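The structure appears right after this line, and notes come after that.
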2 protein chains.
Amino acid sequence: MAIKDVRQGKRNEQGISAVLDILKQAFGERFQTGQSFREQHAHTTTYLPAQLPDGVVFAETSEDVKLVVKTCAAHKVPVIAFGTGSSLEGQVNAAHGGISLDFSRMNKVLSVSPEDLDVTVEPGLTREELNVHLRDTGLFFPIDPGANASIGGMTATRASGTNAVRYGTMKDNVLALTVVTADGEEIHVGTRARKSSAGYDLTRLYVGSEGTLGIITSVTLRLQGIPEKIGGGVCAFETVEAACSAVIMTIQMGIPVARIELLDAMQIRACNAYSDLSYPEKPTLFVEFHGTDETVALQSAQFAEIAAEFGGDEFVFTANAEERAKLWKARHNAYWAGRALDPSLSGFSTDVCVPISRLAECVAATQADIAEAGLLAPIVGHAGDGNFHVLVMFDDKDPASVAKVEAFTHRLGKRALAMDGTCTGEHGVGQGKVSLLAEETGPALRLMQTIKKSLDPDNIFNPGKIWHPAD
Amino acid sequence: MAIKDVRQGKRNEQGISAVLDILKQAFGERFQTGQSFREQHAHTTTYLPAQLPDGVVFAETSEDVKLVVKTCAAHKVPVIAFGTGSSLEGQVNAAHGGISLDFSRMNKVLSVSPEDLDVTVEPGLTREELNVHLRDTGLFFPIDPGANASIGGMTATRASGTNAVRYGTMKDNVLALTVVTADGEEIHVGTRARKSSAGYDLTRLYVGSEGTLGIITSVTLRLQGIPEKIGGGVCAFETVEAACSAVIMTIQMGIPVARIELLDAMQIRACNAYSDLSYPEKPTLFVEFHGTDETVALQSAQFAEIAAEFGGDEFVFTANAEERAKLWKARHNAYWAGRALDPSLSGFSTDVCVPISRLAECVAATQADIAEAGLLAPIVGHAGDGNFHVLVMFDDKDPASVAKVEAFTHRLGKRALAMDGTCTGEHGVGQGKVSLLAEETGPALRLMQTIKKSLDPDNIFNPGKIWHPAD
């Protein structure tokens, strides 16, 4: 199936063969080349075809990582870091073949500093595991991209999610990293200090580099105190425009909303059916506030006023933990609810981000596009950031259907760019957004490529991502 | 005078001479080579000796910048961006000679988007000019490094200041840039979208790169709504430890303090004398809250409780604009107050940043060091970030006194590094922190140098900064 942005890079067969032998010797049972392992490590929950690695190493220490990188570097063979495989743009595909470096066994919490609100973890730890570990400290790690992704993967794709509007993205929450570079040595970038002007911001360079500049071996993260009180609710609007206007006003007034999610009418219909709810089938905001009894009550009241101003239905507030959990479960199940609209189809979640003043316009134009293309595609957005997702349903057995998804995501990306936005707010470029990124960045793409070449001259780190293998 | 980290780089006399001729032709009166202009553009308010550029171009447009860069690139002559000259680590010194590119005439506000809370400006605009311009929009730009610095300079040094604890640093507030690269072309990096996962974070790479990777020609910044209510106050503690413990508790509880500044007893004595005040001469926190009547009252009450818990004197709160202005004027005049402790001496402000759990220990050890060295050196800190400044008084005519400053700042930097901190929280590396940066980053420094070399192969952008000319 010809997906424009997924290309097969040139394979270094001789090098790969040599590396397979060496790694088998070095790692024994922790090195796997069976088909099922290889398939599992190229799994992409997308319309993009899988490209299997030649083998999988289950790393347990930084020393393992260094050995794999040194071996691959010596033979100019690709090495692709693998967290949980929940990336959405083909990030773990082995476009040139090579070795998948699985981090599931490097999932320790290395240190917690409650006084400084920070933690250092191995990259294979998932965000849910981290929060379970932190439970007794009164602290939590807020970034929540939906999937129970690994911290390393979230760092590599600059992930965010529902509460980025309050707590920022991975860019804002990674303090320091250790990284194995192309020479197989481990370096430290950043410190535990909250801010620094000490030279180039290498930490931010690695955050979002999608495994193309080095392999992350530990991550130091900022933490937050668990709010004394959490409350929120749901409010339906007549139009997407009205809902977005309420969002803009909320942000402009500086109300520190923790989550403000937009679900379009189709998504509400899907959620109602899937989660046995009965929300009015209208554009709806799911809102949450974090603070104390007083501030949550205050901010909810402020939001209710704003919602009313834009013709919203009554804002139904709850601080009851059970009701709140039900509400957010419905939101978190949006993907599965969408998929359930037609269980015979596959679903692919794509994302763009625009300045919030353009959000309503972009969502409305996208809804019109969906209708015209005859697609089944509910929309859910992190409205406070101007970021939204379209879950495009398609038949993965039908090339015409896949081509339709690809064409739609490209139109969506171009629409966002035309509105001063970006082709991806949080999913990354991988393979699926390669041509959109080129359009977005223009000549700046050449700088990215220059940096890549300077730090990874033999192109061993996750080649074929962010730009085409041949570029 | 031999300052270890200030070295004279090799001058390309032939190239410089050719460039001087070309720029004179091209810019006429807007190109100056007189001694006073050259001195003014190497002025550093520090103990570091000045290194004068060979000429100064007053740029008015991006086209001017491109022409200067192309000319300098063709002849391999350094070009050094100049904002207001308020940097503190020799950032505008011409270590290899070359051209100072003055941005004072590129100070226009290019566009304001109130709905998106962003603004695009030319780099020569100062932060005070920006806030005057924004006055009628209900918005403001919060970053306040003390000096009325230019936005371009603040971007280049990753500046922050008193309210970074609430609003972040330049790293968090720059959305997009245009930059003239080494080939003399202008590129766009970043977008007006609030977040993005579209490729390498070039925006964050330029923020804090101190003019060594390209010349910034416009900056798109996030703005904030002017708070409905601002209130704050002053609270004295028996010890630095007690004051820092109150800060840590405030941060841990998630109280969104807008400013929380620590002044040590010597600094309070200086402020009392200079601003005709009568604060108790004890370690003191200056605190400010931004919000509504209700939230400011609430947060102030919470802080007062915390302060009491750590034996603080009564927290004297005021929301009266005049009293507040007086309080913060005293804080902002800390530098001049310090200088007034002995008007015969010069003063040099240095900074480090440590995890907040180590702040008290670092400040106390530094006070002991100051006493032992027989220095006059008040301390003032952005305590919420673990960042503090020492204003070291010295006799700039006396080599022994200058050597003492240099030795002290190096001990201070090493102390911060030993506590998991950074050698500079907000002043940058320039020339003064070159050896400390090398110690802080270890092998990661080589990566920075590799990136520099790849983006500026002829080393024309502000050479001799961040690392030594010869390195």
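For segment A:193-207, just list the computed ³J(HN,Hα) in residue order, Karplus coefficients 6.51, -1.76 and 1.60, θ = phi - 60°, integers in Hz, with x standing in for Gly and Pro.
Those phi angles translate into 5, 5, 8, 7, 10, 8, x, 5, 7, 5, 4, 5, 5, 6, 5 Hz.
Just to check I understand the Karplus step: with θ = phi - 60° and J = 6.51 cos²θ - 1.76 cosθ + 1.60, what whole-Hz values come out for segment B:438-455, glycine and proline as x?
Residue by residue, segment B:438-455 yields 4, 5, 5, 8, x, x, 5, 4, 4, 5, 4, 5, 5, 5, 3, 4, 6, 9 Hz.
Net charge near residue A:294: determine it from the other residues with C-beta under 9 Å of the C-beta of residue A:294, scoring Lys and Arg +1 and Asp and Glu -1.
So the environment of residue A:294 carries a net charge of -1.
Arranged by the count of other C-beta atoms within 10 angstrom, fewest first, what order do B:226, B:466 take?
By the 10 Å Cβ count, ascending, the order reads B:226, B:466.
To make sure I understand, if each residue's beta carbon is the centre and we count other beta carbons within 10 Å, what order do A:209, A:113 fall in, fewest to most?
Ordered from fewest to most neighbouring Cβ atoms within 10 Å, A:209, A:113 come out as A:113, A:209.
With just the Cα atoms of segment A:229-335, tell me how far they stretch along each of the three principal axes, in Å, largest first.
Dimensions of segment A:229-335 along the principal axes of its Cα atoms: 35, 30, 20 Å.
If you scale each eigenvalue of the Cα gyration tensor by 5 and take the root, what three semi-axes come out for segment A:370-423, rounded to whole angstrom and sorted largest first?
22, 13, 9
If segment B:415-457 were replaced by its equivalent ellipsoid, with semi-axes equal to the square roots of 5 times the Cα gyration tensor eigenvalues, what would those be, largest first, whole Å?
22, 12, 8
Averaged over A:422-429, how many beta carbons belonging to a partner chain fall within 10 Å of each residue's beta carbon?
Mean number of neighbouring Cβ atoms from other chains: 5.
Picking from A:23, A:37, A:82, whose Cα lies most toward the positive end of the charge dipole for segment A:13-104 (charges on Cβ: Lys, Arg +1; Asp, Glu -1)?
Toward the positive end, the furthest listed residue is A:23.
For the protein assembly as shown, take the convex hull of the Cα atoms, compute a quarter of its surface area, and give me that in nm², please.
36.6 nm²
Along its three principal axes, how long is segment A:1-121 when you only count alpha carbons? Whole Å, largest extent first please.
Extents along the principal axes: 52, 35, 23 Å.
In percent, how large is the relative contact order of chain A, given Cα pairs closer than 8 Å and 6 or more residues apart?
It comes to 17 percent, rounded to a whole number.
Over all directions, what mean area does the Cα convex hull of segment B:227-427 project, stated in square nanometres?
It is 10.7 nm².
Starting from the Kirkwood Rh over alpha-carbon pairs, what translational D in µm² s⁻¹ does segment A:342-441 have by Stokes-Einstein at 20 °C and 1.002 mPa s?
Answer, rounded: 159 µm²/s.
What's the Kirkwood radius of segment A:52-109 in Å, using all Cα pairs? Mind dumping the intermediate values first?
Working: mean 1/r = 0.0852 Å⁻¹.
Here the Kirkwood hydrodynamic radius works out to 11.7 Å.
Taking each residue in A:111-117, count the Cβ atoms of any other chain within 10 Å of its Cβ, then average. What number comes out?
Per residue, the number of nearby Cβ atoms from other chains is 5 on average.
What would the Debye equation give as log₁₀ I(q)/I(0) for segment A:109-225 at q = 0.13 Å⁻¹, counting only Cα atoms as equal point scatterers?
Values, matching the q order: -0.44.
Hey, what number do you get for chain B at 222 nm if only DSSP H runs of n ≥ 4 count, each worth -39500 (n - 2.57), divided across all residues, to the nearest 500?
Computed mean residue ellipticity for chain B: -11000 deg cm²/dmol.
What order do you get for A:285, B:447 when you list them from fewest to most C-beta neighbours inside 10 Å? Present the calculation step by step, with values, prior to reporting the outcome.
Values: A:285 29, B:447 24.
Going from least to most buried by this count: B:447, A:285.
What is the set of long-range amide H partners of residue B:226 at a cut-off below 5 Å, with H atoms built 1.01 Å from backbone N?
B:139, B:140
With everything on Cα atoms, drop me the angle between helix A:293-309 and the longest principal axis of chain A, reported from 0 to 90° to the nearest 10.
So the inclination is approximately 70 degrees.
Hand me the GluC sites (Glu not before Pro) from segment A:233-340 located in a DSSP loop with no more than 15 other Cβ atoms within 10 Å, in residue order please.
A:238, A:314
Which semi-axes, in whole Å and largest first, does the equivalent ellipsoid of chain A have when worked out from the alpha carbon gyration tensor as the square roots of 5 times its eigenvalues? Could you put the intermediate results ahead of the total?
Numbers: eigenvalues 278, 140, 76 Å².
That gives 37, 26, 19 Å for the three semi-axes.
Please list, ordered by chain and number, the residues whose modelled amide H lies under 5 Å from the amide H of residue B:318; skip anything fewer than 5 residues away on the same chain.
B:232, B:233
Coordinate-derived values only; no laboratory data. Keep in mind the model is a prediction, meaning the values are calculated, not measured. In this analysis, Cβ positions are derived from the backbone assuming ideal geometry, glycine residues included, and neighbour counts consider all displayed protein chains.
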